[in-house]
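Peer 1: A single structure is presented below for examination.
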Amino acid sequence: MAEDEDFSPNLLTEKMKHSNGDFVAPDGLCWMSVLSCLLLACSYVGSLYVWRSDLPRDHPAVIKRRFTSVLIVSGLSPLFVWTWREFTGVRTGPSLFALMGIRFEGLIPAIALPLLLTMVLFLGPLMQLAMDCPWSFTDGIRVAFDPWFWMLCLSDMRWLRNQVVAPLTEELVFRACMLPMLVPCAGPSTAIFTCPLFFGVAHFHHVIELLRFRQGTLSAIFLSAGHLVGPVLCHSFCNYMGFPAISTALEHPHRHTVLSSYLLGVILFLLCLFPFTDPSYYGLPTPVCTLTSSPSSLCLS
């Protein structure tokens, strides 16, 4: 078929050229990528509202129903990527799961470095939490290794939603599935800023998400590491910490120390962002970056 020939691997690579520094995607690829991402985003958010109930969203019955919906959509989400790949004719060396960040190569740094980078950003809130927490460090270690503590957490529907199901399903859908479809169209750098827009469409009641760079940072982590686990853990950690309570920090008895920690955390985050998103730490080449010849620092060692 002519359509298959237009998107053959060699022609795809030849068409992904740069004119005056701008990335040019093959004809017809972008609209298919955007449409696939939009359908996937609408499917995800639509699954949250298929259950009609007068109960509040934090009610265990509502949470369980939504678990069922989002887990089904998330389980089917790789089919969107597979269908996109088959329809466009894009052929890749890495497997479908590798493109989605499900692989073993570079797993340990993909777990440790992104989480450490996120904790650096939250240095101020962590300092504030440490000052206000009545527990000692040894108490925290003891609780962290207490199986009864984790059994209690796993029995809490809200904890499961915020720390496990939401990070896992959202990162699978909005990072692992969408970025492989957006990168060949727009290039890695543009895909980082485009992907959060679909997250905003699906979370239109959370307008603040469009104003925060967390989503862009998670996309950069996914592209540089080529792993899903890093964004999932960082997402879970961000959900646990919540939005920084700057107003509380301004009224804190040790506000100078706390505010200095906020500032230091942001500075260290900016200094560590590019070194910690160096693909050479995670095992080159990152599978998603094989989809494009766009000269991005996220795809180069």
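Peer 1: For the range 273-279, take each phi angle, set θ = phi - 60°, evaluate the Karplus expression 6.51 cos²θ - 1.76 cosθ + 1.60, and give the result in whole Hz per residue in order, putting x for glycine and proline.
Peer 2: Using θ = phi - 60°, the values come out as 4, 6, x, 6, 10, 7, x Hz.
Peer 1: Provide the per residue accessible area, probe 1.4 Å, for the range 27-299, rounded to a whole number of square angstrom.
Peer 2: Accessible area per residue, the range 27-299: 51 Å².
Peer 1: Here's another thing I want to ask about it. How do 158-171, 141-154, 254-267, 95-108 rank on mean C-beta neighbours within 10 Å, highest first?
Peer 2: Descending mean neighbour count gives 158-171, 95-108, 254-267, 141-154.
Peer 1: Accessible area of the range 27-299 with a 1.4 Å probe: how many percent of it is carbon plus sulfur?
Peer 2: 72
Peer 1: Still on this model: Mind ranking 76-82, 110-116, 58-64 by how tightly packed they are, going by the mean number of other C-beta atoms within 10 angstrom, highest first?
Peer 2: The most tightly packed comes first, giving 110-116, 76-82, 58-64.
Peer 1: Might you report the magnitude of the Cβ-based charge dipole of the range 69-201 about its Cα centre, with Lys and Arg at +1 and Asp and Glu at -1, to the nearest 20 debye?
Peer 2: 340
Peer 1: Given a Förster radius of 35 Å and the C-beta distance between Ala130 and His59 as r, what FRET efficiency does 1/(1 + (r/R0)^6) yield to the nearest 0.05?
Peer 2: 0.60
Peer 1: Quick one: which of 183-190, 236-243, 128-135, 36-43 comes out on top by average Cβ neighbours within 10 Å, and what's the full order, highest first?
Peer 2: So the order, starting with the most tightly packed, is 183-190, 36-43, 236-243, 128-135.
Peer 1: Additional query: Calculated FRET efficiency, Phe243 and Trp31, Cβ-Cβ r, R0 35 Å, to nearest 0.05?
Peer 2: 0.50
The values are calculated or read from the model by the stated rules, or taken from the named source; none is laboratory data. Given the structure is predicted, the values throughout are model-derived calculations rather than measurements. Reconstructed Cβ throughout: ideal geometry from the backbone, glycine too, with neighbour counts over all protein chains shown. Side chains included, ligands, DNA and RNA excluded: accessible areas come from the protein's heavy atoms. Shrake-Rupley method; radii C 1.70, N 1.55, O 1.52, S 1.80 Å.
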